1. Which of the residues spanning region 131-183 are under 17 Å from V8 (Cβ atoms) and in contact with a His (Cβ under 8 Å, 6 or more places away or on another chain)?
2. Hey, among the residues in region 167-222 that are of a type in the set (S, T, Y) and over 18 Å from L106 (Cβ atoms), which one's modelled with the lowest pLDDT?
3. Considering only region 118-146, how many residues are at pLDDT below 95, closer than 21 Å to P45 by Cβ, open to solvent by 40 Å² or more (accessible area, probe 1.4 Å) and not β-branched (V, I, T)?
4. Could you tell me whether region 71-87 includes any residue that is more than 27 Å from L203 (Cα to Cα), part of a strand (DSSP E or B) and open to solvent by less than 40 Å² (accessible area, probe 1.4 Å)?
5. Taking region 79-101 on its own, how many of its residues are among the β-branched types (V, I, T) and more than 16 Å from L139 (Cα to Cα)?
6. Can you confirm whether I181 is open to solvent by 40 Å² or more (accessible area, probe 1.4 Å) and more than 14 Å from L98 (Cα to Cα)?
7. List, please: which pairs have Cβ atoms under 7 Å, are six or more places apart or on different chains, and start with a residue in region 166-183 that is within 19 Å of S141 (Cβ to Cβ) and end with one that is assigned to a helix (DSSP H, G or I) and open to solvent by 40 Å² or more (accessible area, probe 1.4 Å)?
8. Could you please give the count of residues in region 128-166 that are of a type in the set (V, I, T) and more than 20 Å from A107 (Cβ to Cβ)?
Amino acid sequence: MTRTAIVVPVKEPAQAKSRLRPVLGERERRGLVAAMLGDVLRAVPTDPDRCRVFVVATAQVEVPRGVTRITEPASRGYNAAIDTALADPAVRRARSMLVLPADLPLATSEDIDLLIAAPPVPGMRIAPDRDGDGTNALLLSPPGLVATGFGPESSARHRASGEAAGVSVETVIRPGLAFDIDTPQDLADFCACAGRTGTHRYLRQTGVAARLAGRWGLRERG
């Protein structure tokens, strides 16, 4: 039995990061999504006795070797993607499931280790975003403990679901888990912070970081 199934939902490239359209073209958005997914997957432990990684995506999304694809016929939203993952026996029978968004390029292996280590059974761990409003990572033990409710105000919604189920609910505050990239301001903030991630490298090499630095009056940092 897999100890933790790490589920990473990924939207179709044409739909991904639509809120960045004012500052990024379609090709740039596709490249950004791929770069962030690469960073997230590199942060995941590689020990097969601890976890197994599943990317939930349509056939249009390229999935790296060593990662199990769960194919959905169309991108129907984050919660629908998780339902698709739970229909897979390997996910459903795991001891716990970590839902990990693909837009957390600053997430580290230490962050992931903290989330999946000795999970409460039954119980959940919630990693909120920078505003404390959304959910940037969610550990459920067992995987089908509660229905997920990703979206606006999901952090409070997930907590309420756990409390209603009478299980342990823990909050994990980590800078690398709190920083997701959804809006132009998120992207500008990311470009302004130092880092050696694949996403930083992509934004520098394509000139996006320099372009945003000029637009926001920020100093590009390497």
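The values are calculated or read from the model by the stated rules, or taken from the named source; none is laboratory data. Computed from a predicted model, the values in this text were never measured in an experiment. FYI the Cβ positions are ideal-geometry reconstructions off the backbone, even for glycines, and counts take in every protein chain you see. Calculation scope for accessible area: heavy atoms of the full protein, side chains included, ligands and nucleic acids excluded. Shrake-Rupley method; radii C 1.70, N 1.55, O 1.52, S 1.80 Å.
1. Scanning region 131-183 gives T135, L138, T148.
2. Pass one, region 167-222, residues of a type in the set (S, T, Y): 168, 171, 183, 197, 199, 202, 206.
Now narrow it down to the ones that are over 18 Å from L106 (Cβ atoms): 168, 171, 206.
Values: S168: 97, T171: 97, T206: 94.
Among those that are of a type in the set (S, T, Y) and over 18 Å from L106 (Cβ atoms), it is T206.
3. 1
4. Taking region 71-87 as the starting set, the residues that turn out to be more than 27 Å from L203 (Cα to Cα) are 71-74, 76, 79-87.
Those left that are additionally part of a strand (DSSP E or B): 71.
Those still in the list that are open to solvent by less than 40 Å² (accessible area, probe 1.4 Å) too: none.
No: zero hits.
5. We begin by selecting, within region 79-101, every residue among the β-branched types (V, I, T); these are 82, 84, 91, 99.
Narrowing the set further to residues that are more than 16 Å from L139 (Cα to Cα) leaves 84.
Total meeting the criteria: 1.
6. Details: open to solvent by 40 Å² or more (accessible area, probe 1.4 Å): no; more than 14 Å from L98 (Cα to Cα): yes.
No, not satisfied.
7. V169/R159; V169/E163; V172/L114; R174/L114
8. Just the residues of region 128-166 that are of a type in the set (V, I, T), to begin with: 135, 146, 148.
Imposing the further condition that a residue be more than 20 Å from A107 (Cβ to Cβ) reduces the set to 146.
Of the residues in that region, 1 qualify.
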